[in-house]
Amino acid sequence: MYKSSIQIIRLIAILALVLANCSCTSEMKKSRYLAQAEKYFKAGGYDQAKIEYLKVLKVDPNNAVAYARCGAMWADEGVPLRAGAYLLKARELASKDLDNRYKLALVYLRVGQPNEAFKEATEILKQAPDNGPALALLAETALTPEQTQTAEQELQKFPQQDNPYIEVTNAVVAIRKGDLSKAEAALNHALSLDPKCVQAHIGLAQLSLNKKDNARAGQELKAAADLSPVRSWERLTYAEFKLQTGDKEEARSYLQDLTKQARDFIGAWVLQAKLAQSDKKYDEVGALLQNVFNRDPDNIEGRVVQAQALIGKGDLKQGTDILERADKSFANNPLIKYQLALAYVQGRNTTQAMNELEQAVKIAPKYVDAIVLLAQLRLRAGDPQSIITPLESALQLRPDVTQIRTLLADAYQAVGRSDDAASLIREQIKKTPEDSQSYLVLGVILKQQKKDDEARKAFEKSLELNPQNVVAIDQLTDLDLAAKAFSAIHQRANAHLQKEPQSAPAYYIHGRSYVMEKNFAAAETALKKAIELDPNLAAAYNLLVAIYVQTNKLPEALKELETVLAKNPQYSPALLTSGIIYERMGDFAKARDSYEKVLALNPNFAPALNNLAYIYSEKLNNLNRAGDLARKAHELAPAEPSVQDTFGWVLYRQGKYQEAAELLEQSASKSPDKGEIQFHLGMANYMMGRLDEARAALQKAVSVPGDFPGKDEAKSRLALLSQTGNLSIPDLEKFAK
């Protein structure tokens, strides 16, 4: 018994020594791993540092330093989502590590969660009231009136009043209040206090962009980038600026230099892939993304670019599949939902697109791109009323976003609130008085209100701010044609041609005026020149053929075109014009043959695709062929009203009323004086059971002077609507047939 007790004691002692030795070994391993990790980290060897820090976490799962360092490295490399997971854990383990919390706040800002960033900045200032970067970040992420008030209170309490971050914060507050001069003065003062203040340079760049001063913005962004580490958000921002302003080669060279210096700079690799994707170099996209996926297989931005490249190559299904898988893996990521919605829109799956966008906006209520696209889809679907309240709320949160204001103005107009629409745009003009587009939009609204004198002033101001604005010139041409001020039209078009001698729209404007002046020879010359400069300018072809009709010269015109084609059988403009003339003469077989010849030469010639789709739909009774042609034309020219109308009407005839109504709504909004388009929209709404909308469109159609195919039918439908209160869809379909 005594001997047994001695053996037990010895075993316990040996076990204690073993455990002590293991503990000692674990501590030694952790110290060794940590020392090696810190060495790599400080030397910029992030790939090696991550490996060592992960070894630390294997030995010590609650090591706050390892989590913080891993988070910092992922953030530096431009992968905020991965960074966030590590930084959150580090905050949990070491809530007083303010440097880590500031990095976490920046990550929140980068992933579109300004409220969380605001909370982090608030907590930092509670522990360190003199933290300048946190103060500036607090102001930047203060989007509600209450948050702005909190930022101003912290500004007043800040202990160092003569500090660059005080001035940066003053600038942010001034911008929120619309005082851009005060903001600029504050930022310049910040730089006088500290020429290396990165936030001040970024702020001046943003102000310069608001003024459309890209040169100054580029200088300030370059200064911010040069003051920042190789792996930094500022460097990526400068590269993105170069990309967005069209300096692709400079952006490419800059990004390549960054990845030479830091092979693990994932954000720079992703941007290079985006650049290749924008250039349609899809194979290059794949090669560049390998540098991303080798380090971060689930990189969201990389997968999005990969999907975009596949869709660009024509593989919509595989691209959509990638986005759907990413959406399942990152169910609360609004960026993925937005990109998936774009894919659904391209696949004409509007319902699923709107579902994704609704989720994206719910997750990120200030996600402007998602808010705008959702509103656009609802507006196209003929539901302007539903988007007014969300857009009004979005505008209160983001009054600086012009697109929200413009879209809300469109919605107001759609429900008959044109005065509210004009007021919105006038408010925008007060904020950005140098923006020519705002004056143009205001002019269009005033013109629709029949306030021609006010509309003229708005268009002239738009043209003064941007002398090359062809749309403003065209709108003024409409007014001048109504007033028969022909000399003013030619003077304006000539002024534009002096600066842009190869401007097809300017020659087209000359042609429009000459037609009204009954100077058909001059009109023909001008329109032919417009077509020569821009073979895709469909309006010029139509007006040219209208001249031939007006002057009874269709046979002569055909002979002239035959002479041209005998010398050059592959001259597409002559073939297209021949097709249009054959249409007017009722020889649809020859018109079809002319358009088919054009497409044999150029399968992507949108006007020929559009016109041929119309013939197959309306004259040759081949809806399947018409649908294929119209869809392709729309893919090539999605914003062209005549293309939207043709595709929408083909879809209508195929019984796809929802899709048809969306397209026809877009076309009709751009062509309020085109009776046939208004008729088409009325019929689509009619078949959807939207009787009020149908009545409004049909009333517009029958009110348009002159005749058009379907005008008698529009009158009969309108009469039916006035006689019946509500009809079921089956009743409507029966009547339509």
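The table below gives the values:
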{"quantity": "Ala546 surrounded by 15 or more Cβ atoms within 10 Å (Cβ to Cβ), touching a helix residue (DSSP H, G or I) at 6+ places or on another chain (Cβ under 6 Å) and of a type outside the set (D, E, K, R)", "calculated": "no"}
{"quantity": "Among the candidates Gly218, Gly178, residue that is assigned to a loop (DSSP other than H, G, I, E, B) and either more than 30 Å from Gln437 (Cβ to Cβ) or not hydroxyl-bearing (Ser, Thr, Tyr) (or both)", "calculated": "Gly178"}
{"quantity": "Verdict on Ala273 being of a type outside the set (S, T, N, Q), surrounded by fewer than 22 Cβ atoms within 10 Å (Cβ to Cβ) and either touching a His at 6+ places or on another chain (Cβ under 8 Å) or modelled with pLDDT of 90 or more (or both)", "calculated": "no"}
{"quantity": "Residue in region 357-368 that is at negative phi, in contact with a Pro (Cβ under 8 Å, 6 or more places away or on another chain), in contact (Cβ under 8 Å) with a residue 60 or more places away in the chain and of a type outside the set (Lys, Arg) present", "calculated": "yes"}
{"quantity": "Leu109, sole failed condition from (1) surrounded by fewer than 22 Cβ atoms within 10 Å (Cβ to Cβ); (2) outside any helix (DSSP H, G or I); (3) not basic (Lys, Arg)", "calculated": "(2)"}
{"quantity": "Members of region 157-174 that are farther than 12 Å from Cys197 by Cβ and either outside any helix (DSSP H, G or I) or touching a residue at least 40 places away in the same chain (Cβ under 8 Å) (or both)", "calculated": "Phe158, Pro159, Gln160, Gln161, Asp162"}
{"quantity": "Qualifying helices (runs of 4 or more DSSP H) (wholly inside region 470-561; at least 1 residues being touching a Lys or Arg at 6+ places or on another chain (Cβ under 9 Å) and β-branched (Val, Ile, Thr))", "calculated": "470-483, 486-499, 504-516, 538-550"}
{"quantity": "Total residues in region 431-454, condition part of a helix (DSSP H, G or I), free of Cβ contacts under 8 Å to residues at least 60 places away in the same chain and over 23 Å from the mean Cα position of the chain (by Cα)", "calculated": "7"}
{"quantity": "Test: residue in region 161-176 that is within 28 Å of the chain's Cα centre (by Cα), of a type outside the set (Val, Ile, Thr) and farther than 23 Å from Gln113 by Cα", "calculated": "no"}
{"quantity": "Tabulated pairs, region 307-325, first closer than 18 Å to Glu356 by Cβ, second in a loop (DSSP other than H, G, I, E, B), C-beta under 8 angstrom, 6+ apart or interchain", "calculated": "Leu316/Gly347; Thr320/Gly347"}
{"quantity": "Test set (1) more than 38 Å from the chain's Cα centre (by Cα); (2) modelled with pLDDT of 90 or more; (3) closer than 29 Å to Ala521 by Cα - Leu612 fails condition number", "calculated": "(1)"}
{"quantity": "All helices (runs of 4 or more DSSP H) inside region 315-365 with 1 or more residues being under 18 Å from Pro390 (Cα atoms)", "calculated": "334-346, 350-363"}
{"quantity": "Contacts under 6 angstrom Cβ, first residue in region 54-66 being basic (Lys, Arg) and surrounded by 17 or more Cβ atoms within 10 Å (Cβ to Cβ), partner in a helix (DSSP H, G or I) and at pLDDT below 90, 6 or more apart", "calculated": "Lys55/Tyr33"}
{"quantity": "Total residues in region 636-664, condition of a type outside the set (Phe, Trp, Tyr) and over 12 Å from Tyr614 (Cα atoms)", "calculated": "16"}
{"quantity": "Counted residues, region 606-646 - those being aliphatic (A, V, I, L, M), touching a Phe, Trp or Tyr at 6+ places or on another chain (Cβ under 9 Å) and part of a loop (DSSP other than H, G, I, E, B)", "calculated": "1"}
{"quantity": "Output for region 584-596, where each listed residue is of a type in the set (D, E, K, R) and at pLDDT 90 or above", "calculated": "Asp587, Lys590, Arg592, Asp593, Glu596"}
{"quantity": "Leading residue by the ranking (nearest to the chain's Cα centre (by Cα)) among those in region 289-314 that are closer than 15 Å to Trp74 by Cα and outside any helix (DSSP H, G or I)", "calculated": "Asn299"}
{"quantity": "Only one of Ala190, Ala139, Ala185 that is in contact with a Pro (Cβ under 7 Å, 6 or more places away or on another chain) and either surrounded by 15 or more Cβ atoms within 10 Å (Cβ to Cβ) or within 28 Å of Thr432 (Cβ to Cβ) (or both)", "calculated": "Ala190"}
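Residue by residue, here is whether (1) within 30 Å of Pro145 (Cβ to Cβ); (2) of a type in the set (Val, Ile, Thr) holds:
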residue	(1), (2)
Leu407	yes, no
Glu427	yes, no
Asp435	yes, no
Val444	no, yes
Asp478	no, no
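The values are calculated or read from the model by the stated rules, or taken from the named source; none is laboratory data. What you are looking at is a predicted structure, and each value in this text was computed from that prediction instead of being measured. Cβ: placed from backbone, ideal geometry, glycine included. Neighbour counts: every protein chain shown.
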